[in-house]
Amino acid sequence: MSSCQDQHIRLFDVTNGQFKCFKDILAKDIGWTIVDTAYSPDQNYLIYSSWSDCIYMCNVHGDYETHIPLDLRPPATMQFCAFCVRFSKDNKEILAGGNDGCLYVYDRERQERTLRIEGHEDDCNAVAFADMSSQLLYSAGDDSLCQVWDRRVLSERAPVPVGTLAGHGAGIVFIDPKGDGHHLISNSKDQSIKLWDVRRFSSKETVERVRSMMCRQTFDYRWESPPKKYFTNWKLSGDTSIMTYRGHKVLRCQIRCRFSPSHTTGQQYIYSGCATGRLIIYDILTGKILCQERQHVSTYALNMI
C-alpha cells in the first residue's frame, strides 16, 4: 500500500515479486496529505487519516467501494489530525493518536468513540496495542515520552499511565511493539531508535528531567539540522532503554521503524526509513548497521515502510 499528497491510496499485489496495482482509492477530506494508513488484521479493510475530525475506512477487495467516516469527536476548538491509526489484533477496535496529545479508541461494533485519553503535553505521534489482549496501550509524542496504559485501571476523567519510558532527547515519531507484551522500539527526532522493556519504567526524576529539557528545546526537524550532540553517544541520565541504534536520520517527516518479521527472521533485526532516502537494517543485539539500501533520491525521505 502506498499513499501521498496526490490523495490516492494504491494497493499492490506482490505475489510474483512484482508490484501490480489492483486498487486505486481516492481519499476524502484531505487537508494536506494522507498522514497515516493501516490494514485490518484480516486484510479486508484499511483506514487512513488526515487533517480531519474523522478517520476513514475502506474495503480492500471487490469491485465496489465503501468509504466510511469514523468520527473521533475531538474538541471543536482546534483543527484536528490523527497522526497515527492502528487496528486492534482482534479487529474490533481502532486506536488513534491526535495533535491534541490524546489517544482515541473507536469501537467498530458500536460505531462510536469509546475512549479519549489525555496522554501527552504535545502532539501524540504514535500509538499501538501492546499485544493480543488490547488491554495495554502504548503512546509516544513530541514530549519525548512513551506512555504505557492499562485500560483495566484507567479513568478517562483522570488518566494516569501505569508507567513511562524516558530517554530520548527529542520528540518520538513512531513506535513498534514486538508483540510479546514486553518490548517495543521507538524512533525519535534525536536521530536514534531505542529498544525498551516495558517491565522497566523510568523514574519520576528522569521523566521530569525530560520535561524540563523539552521546555528549552528549539530544534524543528522539519527544516533545521539536528544538534551535533545527537550524532554522538549522548545519553540522558536515567535512560532505562536496553539499546540505542544510530546511523539513520529523522528529518522532515515521521520516519517509521519496525522489528523484522518473526516468521522469516525471528525478529533479529530492526529496519528503519531514513531522511536520506535509504533503508537501514540494524542487528538488534549489536546495534551494527548490516545493510543500507537506497530506495529513493536523497531529497525524499523514506518514511513509510
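The values are calculated or read from the model by the stated rules, or taken from the named source; none is laboratory data. In this text the structure is predicted, and so the values were computed from the model without any measurement. When we count neighbours, we look across all protein chains shown, and the Cβ atoms used for this are built from the backbone with ideal geometry, even at glycine. Areas reflect the complete protein model, heavy atoms only, side chains present, ligands, DNA and RNA absent. Shrake-Rupley method; radii C 1.70, N 1.55, O 1.52, S 1.80 Å.
Key figures for this structure:
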read-out	value
Failed item, numbered, when S52 is tested on (1) buried (at least 16 other Cβ atoms within 10 Å of the Cβ); (2) outside any loop (DSSP other than H, G, I, E, B)	(2)
Residue count, segment 215-253 (criterion: within 18 Å of R294 (Cα to Cα) and at pLDDT 90 or above)	6
Scope segment 5-40; condition modelled with pLDDT under 95, open to solvent by 60 Å² or more (accessible area, probe 1.4 Å) and under 20 Å from G97 (Cα atoms); matching residues	K28, D29, W32
Scan of segment 108-118 for residues that are open to solvent by 10 Å² or more (accessible area, probe 1.4 Å) and not hydroxyl-bearing (S, T, Y), ordered by number	R108, E109, R110, Q111, E112, R113, L115, R116, E118
Residues of segment 204-249 satisfying the condition of being open to solvent by 50 Å² or more (accessible area, probe 1.4 Å), within 16 Å of Q147 (Cβ to Cβ) and either among the acidic types (D, E) or assigned to a loop (DSSP other than H, G, I, E, B) (or both)	E208
Near pairs, Cβ below 9 angstrom, 6+ apart or cross-chain, from segment 1-20 (closer than 19 Å to Y48 by Cα and of a type in the set (F, W, Y)) to any residue that is open to solvent by less than 60 Å² (accessible area, probe 1.4 Å) and modelled with pLDDT of 85 or more	F12/S2; F12/K23
All positions within segment 276-295 that are of a type outside the set (A, V, I, L, M) and in a strand (DSSP E or B)	R278, Y282, D283, C291, Q292, E293, R294
Any hit, segment 263-275, residues being assigned to a strand (DSSP E or B), in contact with a His (Cβ under 7 Å, 6 or more places away or on another chain) and at pLDDT 90 or above	yes
Some residue of segment 126-140 being more than 30 Å from Q217 (Cα to Cα), touching a Phe, Trp or Tyr at 6+ places or on another chain (Cβ under 8 Å) and charged (D, E, K, R)	no
Condition broken by M1, with the remaining ones in (1) surrounded by 13 or more Cβ atoms within 10 Å (Cβ to Cβ); (2) among the hydrophobic types (A, V, I, L, M, F, W, C); (3) within 30 Å of T77 (Cβ to Cβ) satisfied	(3)
Of all residues making up segment 84-106, the number that are open to solvent by 10 Å² or more (accessible area, probe 1.4 Å), in contact with a Lys or Arg (Cβ under 7 Å, 6 or more places away or on another chain) and farther than 12 Å from S49 by Cβ	2
Contacts under 6 angstrom Cβ, first residue in segment 162-178 being of a type in the set (K, R), partner surrounded by fewer than 24 Cβ atoms within 10 Å (Cβ to Cβ) and modelled with pLDDT of 95 or more, 6 or more apart	K178/F259
Residue within segment 57-67 that is over 15 Å from the mean Cα position of the chain (by Cα), over 26 Å from R10 (Cα atoms) and surrounded by fewer than 14 Cβ atoms within 10 Å (Cβ to Cβ) present	no
Criterion: more than 16 Å from the chain's Cα centre (by Cα) and either open to solvent by less than 10 Å² (accessible area, probe 1.4 Å) or among the aromatic types (F, W, Y) (or both) - qualifying residue of G167, G141, G171	G167
Some residue of segment 232-240 being touching a Cys at 6+ places or on another chain (Cβ under 9 Å) and closer than 20 Å to T286 by Cβ	no
